[in-house]
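Visitor: Dropping a structure here in structure tokens format, bear with me for questions.
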Amino acid sequence: MLDSETTGVGVLTRQRLGMQQLSPHGLSETWALGFCGDIHWQMLSGASGQESFGFRAADGLPIYAAFCATRIDLTPSQGLLGADLTIRSRLASLGGTRIGSRHEFRQGRQVIGSLLMLSTFVAHDETASNRRIVRAMPERDCVLPEAGTALKELDARARSVSRTLRGQRVEEGVGITPNPSLDFNAVGLLYFVSFTRLVESTAQTVDGVRAREIVYLGNLDQGETVKVLRSGTEALVAREDGHIIAQIAEVR
């Protein structure tokens, strides 16, 4: 069962929890990311005064609302199969084309998780390579409330990570080749949820994740291999040439 009600820059969603939405530890991290990613794009489309996800620049070229950072916090929960979940989502501005959303997951009166998401508009350049993604301006502006403290802090951390890792390279790590049919989205980019799957496949424990923060720094073309380098509670994902495309911090 799915019921969604849009109110301004907010969405209230009710979801009956089944196998797709759950993991052995409680709410499924990858389901929550993908589902709320769609809610984020839905709210952004509504705030921009359009009915589809097909954003365009002023010159008519297609652009995409790509995520630049996410942070998910999950409370280990049991007995959720068949329970009703409520998701409260709100969209806010962080200045320029940087847009944030906050999603709160409730089962009854209990908060069992939250998710922060930051996006910006990007486009392919003339090469059409995923290695050459550039910032873009949408043809339609949207007026949004100012982001709260949590989103601003995530934005500041993401910008700091981007500055710190700029120009650095990864020479080692576990090699994984993303699957073209499963790991790339409708516009051919490595789907942001796939970063979670790739880094989790290198984990040395079966313990569930209580929190995971990812800063997305780049992308790659289909057929390329990534390198995942873990160090304690952090990990880096890099392309074959060593260019870092994501930084991950987690709590288990």
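The values are calculated or read from the model by the stated rules, or taken from the named source; none is laboratory data. No experiment lies behind these values; they were computed from the predicted model shown. Reconstructed Cβ throughout: ideal geometry from the backbone, glycine too, with neighbour counts over all protein chains shown. Just so you know, the surface numbers come from the protein's heavy atoms only, side chains and all, with ligands and any DNA or RNA stripped out. Shrake-Rupley method; radii C 1.70, N 1.55, O 1.52, S 1.80 Å.
Visitor: Do you know which of the residues in the stretch 54-97 that are at pLDDT below 95 and charged (D, E, K, R) is nearest to residue 22 (Cα to Cα)?
Guide: Checking each candidate, the answer is 56.
Visitor: Against the conditions (1) among the β-branched types (Val, Ile, Thr); (2) touching a Ser or Thr at 6+ places or on another chain (Cβ under 8 Å); (3) within 27 Å of residue 27 (Cα to Cα), where does residue 149 fall short? Just the number, please.
Guide: (2)
Visitor: Scan the stretch 37-75 for residues that are of a type in the set (S, T, N, Q), in contact with a helix residue (DSSP H, G or I) (Cβ under 7 Å, 6 or more places away or on another chain) and open to solvent by 10 Å² or more (accessible area, probe 1.4 Å) and report the count.
Guide: Qualifying residue count for the region: 1.
Visitor: Name every residue in the stretch 93-111 that is under 23 Å from residue 155 (Cα atoms) and in a strand (DSSP E or B), in order of residue number.
Guide: Result: 93, 99, 100, 101, 102, 103, 104, 105.
Visitor: Checking the conditions here, which among 89, 101 is more than 17 Å from residue 14 (Cβ to Cβ) and small (Gly, Ala, Ser)?
Guide: Only one candidate passes the filter, namely 101.
Visitor: Search the stretch 37-58 for residues being in a loop (DSSP other than H, G, I, E, B) and touching a residue at least 60 places away in the same chain (Cβ under 8 Å), and hand back the single one that is nearest to the chain's Cα centre (by Cα).
Guide: So the residue we want is 55.
Visitor: Something else about it: Would you please list the contacts, defined by Cβ atoms under 9 Å and residues six or more apart or on different chains, that run from a residue in the stretch 119-134 that is within 13 Å of residue 57 (Cα to Cα) to a residue that is of a type in the set (Asp, Glu) and not in a loop (DSSP other than H, G, I, E, B)?
Guide: Short answer, once both residue conditions are applied: none.
Visitor: Further question on the same structure: Tell me which residues, restricted to the stretch 114-145, are in contact with a Ser or Thr (Cβ under 6 Å, 6 or more places away or on another chain) and either open to solvent by less than 20 Å² (accessible area, probe 1.4 Å) or part of a strand (DSSP E or B) (or both).
Guide: Listed by number, the residues that qualify are 117, 120, 121.
Visitor: Within the stretch 1-22, track down each residue that is at pLDDT below 95 and open to solvent by 20 Å² or more (accessible area, probe 1.4 Å).
Guide: 1, 2, 3, 4, 5, 6, 7, 8, 9, listed by residue number.
Visitor: How do the pairs read when you match residues in the stretch 159-185 that are free of Cβ contacts under 8 Å to residues at least 40 places away in the same chain with residues anywhere that are among the hydrophobic types (A, V, I, L, M, F, W, C) and loosely packed, with under 11 Cβ neighbours inside 10 Å, using Cβ under 6 Å and keeping only pairs 6 or more apart or on different chains?
Guide: Qualifying pairs under 6 Å: none.
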